[in-house]
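Just so you know, all these numbers are worked out from the coordinates, no wet-lab data involved. Quick caveat, the model's predicted, so the values are computed rather than measured. Neighbour counts run over all protein chains shown; Cβ positions are idealised from the backbone, glycine included.
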Amino acid sequence: MLSLSSVELLVAVSIGMAVALVVVLALQVLFGFRVQRLTAPMYEFAVSQSHAEAERIIGEAREKARSILAEAEASAAQMLAERRTDAESHSKAFADAIQRIEADAQRALAQGAAEAQRMQNASLAALAAEAQKRDQEIQEHIGRVTAEFEGLDRTVTQAATQLQASFDEKGTVAAKLFEQSLKDAAEQGIAHIGQRLDALVTQAEKDIEAYREKRARLLDEHMADLVGEATKVVLQKALRPDEHAELVEKALVEARASGLL
Amino acid sequence: MDASKSSAVLKNTFSVADLYRRADVLKRFLEFAFFKTAGEPHDRTALMRSFCEQDPTGTDRLDCEAVAAWGPAVFDAINPDNLYDSVTRLKRLSEELPVLTLYVPVRLGAPGVERIATWCRTNLSPDVILDVRIDPSSVGGCKFAYNNAFHDVSFAYFEKKARGALVERMRSYDA
């Protein structure tokens with residue numbers, strides 16, 4: 001009994017809450033439309049006021065900018081005119097200065113050239129005077145040297161004459177001495193050549209004897225070879241087998257005696 | 001091979017060639033004795049003579065006599081069963097003995113070989129055996145190899161030894 005009433009109470013409470021919710025939603029929709037209908041004109045008015053204010057501020061800013069630009073252009077044109085005037089005045093001053101410097105330079109150059117010409121003329125005159133002086137001195141020196149040469153030539157001629165006389169006198173003595181020395185040298189040379197020839201002949205005789213001895217030895221050796229070969233042939237052909245056996249036995253005896261066997 | 005057998009063989013065999021040749025003679029003789037005659041031979045000398053007369057190979061008479069002279073020391077130990085082994089051992093006897101290899105200019109013949117072998121057995125070793133070879137350049141003497149040493153005692157050796165005397169002798173004819 002008790003549980004059945006609880007279920008029914010729960011269902012009733014739920015239905016009641018659903019109805020209340022529907023009512024709340026309906027009220028919300030109704031009051032929402034009313035508020036929107038009241039605030040829209042104010043909002044539109046505020047927006048239009050703002051647009052007007054903004055256009056006014058922008059217009060003032062444009063006007064201000066335009067005036068600033070005009071002032072700047074005027075200032076620039078004035079400054080440009082001033083600078084152009086200054087440049088023209090400076091250019092004129094520069095041209096005047098250049099012209100002045102050129103005139104000074106030409107004047108200084110003319111003065112230098114005149115001075116140089118004057119100095120050159122003076123130098124040439126001094127050089128000509130000096131050259132004339134030197135030429136005169138050289139001529140005088142040549143004259144002195146020529147005179148000395150002539151004196152020397154005479155002295156040399158005299159000395160040559162004296163020397164020739166001396167040579168003639170001493171040449172005879174020298175020739176005699178030379179002839180004597182040649183004679184002595186010839187005698188010594190003949191004696192030396194004789195000794196040398198004797199030595200050569202002695203050596204040649206020794207060489208000939210040695211050569212003869214050597215050839216004789218070679219000949220003897222060759223003859224001994226021939227005798228040996230001939231003996232071999234004779235031994236090979238002429239001996240009987242028993243004689244060969246005897247020679248073999250003698251050879252073995254010799255080997256035994258020599259310690260070979 | 002026992003000492004009595006080798007002694008009997010060496011008594012009349014002086015060179016390796018003789019040994020080989022006589023071993024072959026022995027083989028043929030014993031083949032003749034064992035397989036071509038009836039029964040055991042009683043008189044080997046007579047049988048050997050008969051063999052030598054009938055031998056178609058013309059065996060040397062000296063070899064026949066030498067083999068016959070080997071006597072019982074050799075023959076008694078050989079029968080038909082060990083014939084070939086015995087002959088082979090006999091040939092190998094030269095490998096057991098000291099060998100003097102002798103180079104001579106001509107063939108010396110049996111007496112010459114015997115003479116030299118006798119000298120060698122008297123002066124070198126009683127059981128030495130010769131291996132004789134022919135070398136014409138060994139004329140006037142011989143060349144030999146013994147105990148791994150070779151020597152030349154031919155005419156060249158003597159001629160070199162007496163060269164000075166020979167030359168002096170010839171020079172004496174000049175004077």
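Annotations
- Scope the stretch B:150-175; condition closer than 19 Å to residue B:120 by Cα and within 8 Å of another protein chain (Cβ to nearest Cβ); matching residues: B:151, B:153, B:154
- Taken over the stretch B:6-28, the residue count meeting the criterion of being touching a Leu at 6+ places or on another chain (Cβ under 8 Å) and assigned to a helix (DSSP H, G or I) is 8.
- Here residue B:124 fulfils each of the conditions (1) within 11 Å of another protein chain (Cβ to nearest Cβ); (2) in contact with a helix residue (DSSP H, G or I) (Cβ under 6 Å, 6 or more places away or on another chain); (3) more than 14 Å from residue B:13 (Cβ to Cβ); (4) of a type in the set (A, V, I, L, M, F, W, C) apart from (2).
- Which numbered condition residue B:113 fails, given (1) buried (at least 22 other Cβ atoms within 10 Å of the Cβ); (2) in contact with a Lys or Arg (Cβ under 8 Å, 6 or more places away or on another chain); (3) of a type outside the set (Ser, Thr, Tyr); (4) more than 7 Å from chain A (Cβ to nearest Cβ): (2)
- In the stretch B:127-143, the qualifying residues are those that are crowded, with 18+ Cβ neighbours inside 10 Å and facing chain A (nearest Cβ under 7 Å), and the one that is farthest from residue A:228 (Cα to Cα) is B:142.
Listed here are the residues, each with its yes/no results for (1) closer than 30 Å to residue B:117 by Cβ; (2) more than 9 Å from every other protein chain (Cβ to nearest Cβ).
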| position | (1), (2) |
| --- | --- |
| A:190 | no, yes |
| A:204 | no, yes |
| A:229 | no, yes |
| A:238 | yes, yes |
| A:245 | yes, no |
| A:253 | yes, no |
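- Among the residues of the stretch B:83-104, the ones that are more than 11 Å from residue B:16 (Cβ to Cβ) and either within 14 Å of chain A (Cβ to nearest Cβ) or among the aliphatic types (A, V, I, L, M) (or both) come to 6 in all.
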